[in-house]
Amino acid sequence: MSKNPEFVKFDKVDKSYDGKVLVVKDLQLDIAEGEFITMLGPSGSGKTTCLMMLAGFETPTNGEILLDGNIISNIPPHKRGIGMVFQNYALFPHMTVYENLAFPLRVRKMEKNEIDKKVDKALSMVSLNGFETRMPGQLSGGQQQRVAVARALVFDPAVVLMDEPLGALDKNLRESMQYEIKHIHESIGVTVVYVTHDQSEALTMSNRIAVFNDGKVQQLSNPSELYEKPVNSFVAEFIGENNTFNGEVSDISGEKCKVKLSNGEILASAISVKSKGEQTTVSLRPERALIEPGETMDNMFSGKVEEVIYHGDHTRVRINLLGNPEFILKVPNSTSNLELKVKQDIKIGWNSSDARALDPK
Ligand code: ADP
Ligand code: MG
């Protein structure tokens with residue numbers, strides 16, 4: 001059977017809590033069966049509200065949500081076949097791991113031997129077989145969160161919602177759990193709707209990412225496209241690091257344009273500018289600018305080194321360039337052993353294909 005590309009559908013969904021302000025605005029989003037989709041955005045951008053509406057704990061103010069072609073507005077949360085993992089959606093502290101996992105199955109009136117089989121399978125997904133009789137208090141934070149993931153999967157839900165599930169874990173554990181959840185998704189193919197404000201987490205885990213700001217989806221793309229081809233300044237700033245130049249389009253021809261800055265002019269790709277005289281913000285990734293490039297590049301300027309910081313795998317160089325003392329450049333440490341000195345004059349170059357002229361913020 002082929003996978004439904006509109007397995008979950010938000011159809012023109014608005015949400016207001018107070019009848020005045022829309023915290024989700026005209027959300028149109030199709031999620032494919034088996035997809036891992038992430039809603040990424042700053043705090044207050046409406047991500048949790050979207051999950052709550054899909055789970056059935058909040059009602060859309062306008063529009064409809066469909067699951068496998070059916071409008072779900074009148075279906076209560078526990079009948080939607082949706083599993084959930086939240087940062088503060090704790091395990092039942094007075095129940096063993098086994099009882100925690102058996103609970104959603106008992107609610108569904110499943111028989112004991114069936115329950116045992118499913119609990120065993122869910123625990124093996126998160127590599128916690130043998131922990132059945134432990135109490136949550138006897139587990140580490142990471143293990144507790146794995147049990148929470150197992151509990152969300154144990155009844156074979158059609159969709160699993162995860163809202164900042166790794167937010168309480170420390171960095172190393174969070175990163176290993178990201179891979180673990182990603183691998184579970186790959187092996188069982190359940191549809192996952194994941195929420196985070198952490199862009200690197202979103203890039204690591206997702207098939208597609210919907211970037212939210214102020215209740216609106218700014219861009220819906222796969223991770224590489226989001227990073228390489230941001231469609232506006234918000235996305236460019238929110239995903240990864242970025243150098244920006246504010247200026248005015250002084251010339252435009254086809255896909256290229258010239259942008260006049262207060263002290264210079266750069267050649268850029270005309271992404272969302274159309275005519276001469278428009279204001280624009282040009283975005284350039286720090287790793288796309290080169291120091292002393294061996295070849296001719298579209299943009300070549302001299303700058304002054306302000307700061308050099310060693311980061312293990314790369315060196316971060318802050319340069320005063322075109323009147324901007326905060327121009328950042330990243331050099332991989334394996335390629336060369338640059339001996340950069342503070343206040344040294346250097347040449348910097350980048351191609352216009354890497355400089356994207358976007359709508360100003
Ligand atoms: P995010 O998860 O992206 O941080 P939320 O969906 O939690 O964003 O919140 C979006 C907006 O809705 C915020 O302004 C928040 O204050 C508001 N909000 C969230 N939940 C409620 C609620 N239960 N009642 C009133 N306002 C809420
Ligand atoms: Mg939230």
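Using amide H atoms built in the peptide plane, which far-off residues or other-chain residues are under 5 Å from Val23 H to H?
Correct list: Lys15, Ser16, Tyr17.
About its Cα centre, how strong a charge dipole does the chain have in debye, to the nearest 20, once Lys and Arg get +1 and Asp and Glu get -1 at the Cβ?
Numbers: 41 positive and 48 negative charges, 105 e Å.
Charge dipole, the chain, about its Cα centre: 500 debye, nearest 20.
What number comes out for the charge environment of Leu322, summing +1 per Lys or Arg and -1 per Asp or Glu over other residues with Cβ under 15 Å away?
On the way: positive: Lys258, Lys260, Lys304, Arg318, Lys347; negative: Glu248, Glu265, Asp298, Glu306, Glu326, Asp345.
Around Leu322, the surrounding residues sum to -1.
Sort Leu161, Leu40, Leu322, Leu139 by Cβ crowding within 10 Å, fewest neighbours at the top.
Placing the least packed residue first, the sequence is Leu139, Leu322, Leu161, Leu40.
Taking Cα pairs under 8 Å and at least six residues apart, what relative contact order does the chain come out at, in percent? Before the final figure, lay out each step's value.
Numbers: 747 pairs, mean separation 53.7, N = 361.
Taking the mean separation of contacting Cα pairs over the length of the chain, I get 15 percent.
Which whole-Hz ³J(HN,Hα) couplings does the stretch 344-356 yield from phi under the Karplus relation 6.51 cos²θ - 1.76 cosθ + 1.60, θ = phi - 60°, glycine and proline marked x?
5, 8, 9, 9, 10, x, 8, 8, 5, 5, 8, 10, 9
If each residue's Cβ is checked for other Cβ atoms within 10 Å, how do Glu326, Glu175, Glu339, Glu180 rank with the fewest at the top?
On the way: Glu326 12, Glu175 15, Glu339 7, Glu180 18.
The most exposed by this proxy come first: Glu339, Glu326, Glu175, Glu180.
Go through the stretch 280-288 residue by residue and turn each phi into a ³J(HN,Hα) via Karplus (6.51, -1.76, 1.60, θ = phi - 60°); whole Hz please, and just put x for glycine and proline.
With coefficients 6.51, -1.76 and 1.60, one gets 8, 10, 8, 10, 9, 5, x, 8, 8 Hz.
Any number yet on Rg/Rh for the stretch 84-126, C-alpha, Kirkwood? Each step should come with its number before you reach the end.
Details: Rg = 10.8 Å, Rh = 11.1 Å.
Rg/Rh: 0.97.
Set the bar at 20 Å for Cα to Cα. Now go through Lys276/Lys347; Lys15/Lys47; Lys25/Lys47; Lys12/Lys216; Lys260/Lys341 and name every pair that lies beyond it. Could you put the intermediate results ahead of the total?
Working: Lys276/Lys347 29 Å; Lys15/Lys47 11 Å; Lys25/Lys47 12 Å; Lys12/Lys216 11 Å; Lys260/Lys341 30 Å.
Beyond 20 Å: Lys276/Lys347; Lys260/Lys341.
Straight-line reach from Lys118: which lysines have Cα under 26 Å away, leaving out those fewer than 8 places along the same chain?
Output for Lys118: Lys3, Lys79, Lys109, Lys182.
Counting only DSSP beta bridges with both residues in the chain, what percent are antiparallel, rounded to the nearest 5?
On the way: 60 of 81 bridges.
Taking every DSSP beta bridge with both residues in the chain, the antiparallel ones total about 75 percent.
Taking amide H positions as placed in the peptide plane 1.01 Å from N, state which residues far from His314 in sequence (5 or more) or on other chains have amide H under 5 Å from it.
Those qualifying (amide H under 5 Å, at least 5 residues apart or on another chain) are Asn333.
In Å³ and rounded to a whole number, note down the convex hull volume per residue for the Cα atoms of the stretch 238-331.
Working: hull volume 10.5 nm³, N = 94.
Spread over its residues, the Cα hull of the stretch 238-331 gives 112 Å³ apiece.
Fewest Cβ neighbours within 10 Å first, please rank Tyr310, Tyr194, Tyr227 accordingly.
On the way: Tyr310 9, Tyr194 28, Tyr227 17.
The order, fewest Cβ neighbours first, is Tyr310, Tyr227, Tyr194.
Apply the Karplus parameterisation 6.51 cos²θ - 1.76 cosθ + 1.60, with θ equal to phi minus 60°, to every residue of the stretch 4-18 and state each ³J(HN,Hα) to the nearest whole Hz, in sequence, with x for glycine and proline.
6, x, 10, 4, 10, 10, 8, 10, 6, 8, 10, 9, 10, 8, 10
Please list the radius of gyration and Dmax for the stretch 26-141, considering alpha-carbon atoms only, with Å as the unit.
Over the stretch 26-141's Cα set, Rg and Dmax evaluate to 17.0, 47 Å.
Could you compute how fast the stretch 8-233 diffuses translationally, taking Rh as the Kirkwood radius over C-alpha pairs and applying Stokes-Einstein at 10 °C with viscosity 1.306 mPa s? Give it in µm² per second.
Working: Rh = 18.1 Å.
Estimated diffusion coefficient is 88 µm²/s.
Please give the contour-minus-distance gain from Asp68 to Leu173: 0.36 nm per residue of separation, less the Cα-Cα distance, rounded to one decimal in nm. Please list the in-between numbers first.
On the way: separation 105, 0.36 × 105 = 37.80 nm, distance 3.46 nm.
Extra length from Asp68 to Leu173 when fully extended: 34.3 nm.
Using a Förster distance of 35 Å, how high is the FRET efficiency between Met300 and Asn222, based on the Cβ-Cβ distance and rounded to 0.05? The partial results should precede the final answer.
Working: r = 33 Å, r/R0 = 0.93.
E between Met300 and Asn222, to the nearest 0.05, is 0.60.
Would you mind checking which residues have amide H under 5 Å from Gly44's amide H? H placed 1.01 Å from N; only 5 or more apart, or other chain.
Amide H neighbours of Gly44: none.
Taken together, the values in this text are just the output of simple stated rules run on the coordinates, not laboratory data. Small disclaimer: the values here were computed from a predicted structure and weren't measured. Neighbour counts are summed over all protein chains in view; Cβ atoms, including those assigned to glycine, are modelled from backbone coordinates with ideal geometry.
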